[in-house]
Amino acid sequence: MISIPCFSSILIDWFEENQRTLPWRGETDPYKIWVSEIILQQTRVNQGLEYYLKFIDRFPDVKSLAEASLQEVLQVWQGLGYYARARNMRNAAQRILKNHNGIFPNNYQEIINLCGIGKYTAAAIASIAFHLPYPAVDGNVLRVTTRIFGIYDDIAQQKTVRKITLFCEELMDKENPGTFNQALMEFGAIQCTPQNPNCNNCPFVYQCVAYTQNKIFLLPLKSVRLVIKNRYLHYFIFINNFQTIIEKRVENDIWQGLFQFPVIETSTPCENITETELFTSYLGNCEPKFLKEVKHKLTHQHLTIRFYVVNDYFPELKRNWVSVLIEDLKDYPCPAVFKNLLI
């Protein structure tokens, strides 16, 4: 097994030669580091690049984000998913503006107290922006450390994450904590990947426990399996005199704060929605035209979405419903599955 002092040195040398060129690489502004880390929480780097540049262009600092309306922020975020991230960022920015005069806090405890920031993100910001020795432990880091050092504890258990975090504190180059954290995360992202890791060109190959014991695909151990919920959503696109009806999602659910067409949710698949009592209470005697069906997968939910068009009819507006010109739909942030639906 490789010694602790050697690990950090070899890792950082690898990073200097192999790191990807990214717009936030080398950044010391904690605000921009924060934006990049939040975007990459649930998003692949290739997809996140465009959104990062767009977000920073629209909201270049804490003040501009804090003073923006929620609708503005969600519109820039539109299509990226996991919209709670955007809502939390705006809330955190408002707190920084109020409590810190718009200056991003420079200590770990104040950073982690901000809305939507957990241990990993706080450690990443603290180490990269302020050179504080806090290990940033994400899935990449858990995979790399368990494989190289032969850690067979279940990473779904918080005690294992704590154990590996403490271990990473020992591994960390205290003079270069930000570089160390970025190097370890990058190593997991492009070298020691979940599938088909590049073992042949790995600088740790002969010291890696998983490789030498032929257990690469056994580690890391993780017992928790996702429980997937199936949902069936039926959206009605009312069209009358170049107008349609939308509603704002206000409940604590997916797409909170975004706009959608009026919806009926059924507990089971229902192709003949017109035969249900729900439909009758919604539309009376109108005959909708089936438009399309879309399958949309979220982390814990699989959505079956059916769209119907109802021409030349407007029902009585309900709570949170509003009639808008079809050409103005682009001004309202909506889930990605609605994009280009009426074009």
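Matching residues to (1) of a type in the set (Ser, Thr, Tyr); (2) out of contact with any helix residue (DSSP H, G or I) (no Cβ under 9 Å at 6 or more places or on another chain):
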site: Val35; (1), (2): no, no
site: Ile39; (1), (2): no, no
site: Glu50; (1), (2): no, yes
site: Leu53; (1), (2): no, yes
site: Ile56; (1), (2): no, no
site: Ala66; (1), (2): no, no
site: Trp77; (1), (2): no, no
site: Tyr82; (1), (2): yes, yes
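State whether one or more residues within region 83-98 are assigned to a loop (DSSP other than H, G, I, E, B), touching a residue at least 60 places away in the same chain (Cβ under 8 Å) and closer than 18 Å to Lys248 by Cα.
Here is the first cut: in region 83-98, the ones assigned to a loop (DSSP other than H, G, I, E, B) are 83.
Those still in the list that are touching a residue at least 60 places away in the same chain (Cβ under 8 Å) too: 83.
Okay, now just the ones that are also closer than 18 Å to Lys248 by Cα, so 83.
The answer is yes; a qualifying residue exists.
Go through region 209-220 and give me each residue that's surrounded by 15 or more Cβ atoms within 10 Å (Cβ to Cβ), within 31 Å of the chain's Cα centre (by Cα) and among the hydrophobic types (A, V, I, L, M, F, W, C).
Of everything in region 209-220, those that are surrounded by 15 or more Cβ atoms within 10 Å (Cβ to Cβ), within 31 Å of the chain's Cα centre (by Cα) and among the hydrophobic types (A, V, I, L, M, F, W, C) turn out to be Ala210, Ile216, Leu219.
Being within 24 Å of Leu184 (Cβ to Cβ) and without any contact (Cβ under 8 Å) to a residue 40 or more places away in the chain is the requirement here; does Tyr31 meet it?
Values: within 24 Å of Leu184 (Cβ to Cβ): yes; without any contact (Cβ under 8 Å) to a residue 40 or more places away in the chain: no.
Against the criterion (within 24 Å of Leu184 (Cβ to Cβ) and without any contact (Cβ under 8 Å) to a residue 40 or more places away in the chain), Tyr31 does not qualify.
Please count how many residues of region 165-193 are assigned to a helix (DSSP H, G or I) and under 25 Å from Trp24 (Cβ atoms).
Pass one, region 165-193, residues assigned to a helix (DSSP H, G or I): 165-171, 177-190.
Narrowing further to those that are under 25 Å from Trp24 (Cβ atoms): 165, 168-169, 171, 177-190.
The number of residues fulfilling the criteria is 18.
Go through the residues of region 58-71 one by one and say whether even a single one is closer than 26 Å to Gly188 by Cβ and either within 21 Å of the chain's Cα centre (by Cα) or not assigned by TED's automatic domain parsing to the domain that holds Gly257 (or both). Working first, answer last.
Step one: filter region 58-71 for residues closer than 26 Å to Gly188 by Cβ, giving none.
For region 58-71, residues closer than 26 Å to Gly188 by Cβ and either within 21 Å of the chain's Cα centre (by Cα) or not assigned by TED's automatic domain parsing to the domain that holds Gly257 (or both): absent.
Could you check region 1-81 for helices (runs of 4 or more DSSP H) lying wholly inside it with 2 or more residues that are surrounded by fewer than 13 Cβ atoms within 10 Å (Cβ to Cβ)?
Numbers: elements: 4-18, 30-39, 45-58, 62-67, 70-77.
Of the helices (runs of 4 or more DSSP H) lying wholly inside region 1-81, those with at least 2 residues that are surrounded by fewer than 13 Cβ atoms within 10 Å (Cβ to Cβ) span 4-18, 45-58.
Determine, yes or no, whether Asn252 is surrounded by fewer than 12 Cβ atoms within 10 Å (Cβ to Cβ), modelled with pLDDT of 90 or more and either touching a helix residue (DSSP H, G or I) at 6+ places or on another chain (Cβ under 8 Å) or in a loop (DSSP other than H, G, I, E, B) (or both).
On the way: surrounded by fewer than 12 Cβ atoms within 10 Å (Cβ to Cβ): yes; modelled with pLDDT of 90 or more: no; either touching a helix residue (DSSP H, G or I) at 6+ places or on another chain (Cβ under 8 Å) or in a loop (DSSP other than H, G, I, E, B) (or both): yes.
Considered against the rule, which asks whether it is surrounded by fewer than 12 Cβ atoms within 10 Å (Cβ to Cβ), modelled with pLDDT of 90 or more and either touching a helix residue (DSSP H, G or I) at 6+ places or on another chain (Cβ under 8 Å) or in a loop (DSSP other than H, G, I, E, B) (or both), Asn252 comes out as no.
Only residues that are within 24 Å of the chain's Cα centre (by Cα) and either at pLDDT below 90 or exposed (fewer than 12 other Cβ atoms within 10 Å of the Cβ) (or both): list them for region 221-241, please.
As a first pass, look at region 221-241 and keep what is within 24 Å of the chain's Cα centre (by Cα): 221-233.
Result: Ser223, Val224, Arg225, Leu226, Val227, Ile228, Lys229, Asn230.
Rundown of residues vs (1) of a type in the set (D, E, K, R); (2) under 17 Å from Asn91 (Cα atoms), yes/no style:
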position	(1), (2)
Ser8	no, no
Asp13	yes, no
Asp29	yes, no
Phe59	no, yes
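Looking at the structure I just gave you, is Val294 more than 18 Å from Thr268 (Cα to Cα) and modelled with pLDDT of 90 or more? First the steps, then the outcome.
On the way: more than 18 Å from Thr268 (Cα to Cα): no; modelled with pLDDT of 90 or more: yes.
It is false that Val294 is more than 18 Å from Thr268 (Cα to Cα) and modelled with pLDDT of 90 or more.
The values are calculated or read from the model by the stated rules, or taken from the named source; none is laboratory data. In this text the structure is predicted, and so the values were computed from the model without any measurement. Methodologically, a virtual Cβ is constructed for each residue, glycine included, from the backbone with ideal geometry; neighbour enumeration extends over all protein chains shown.
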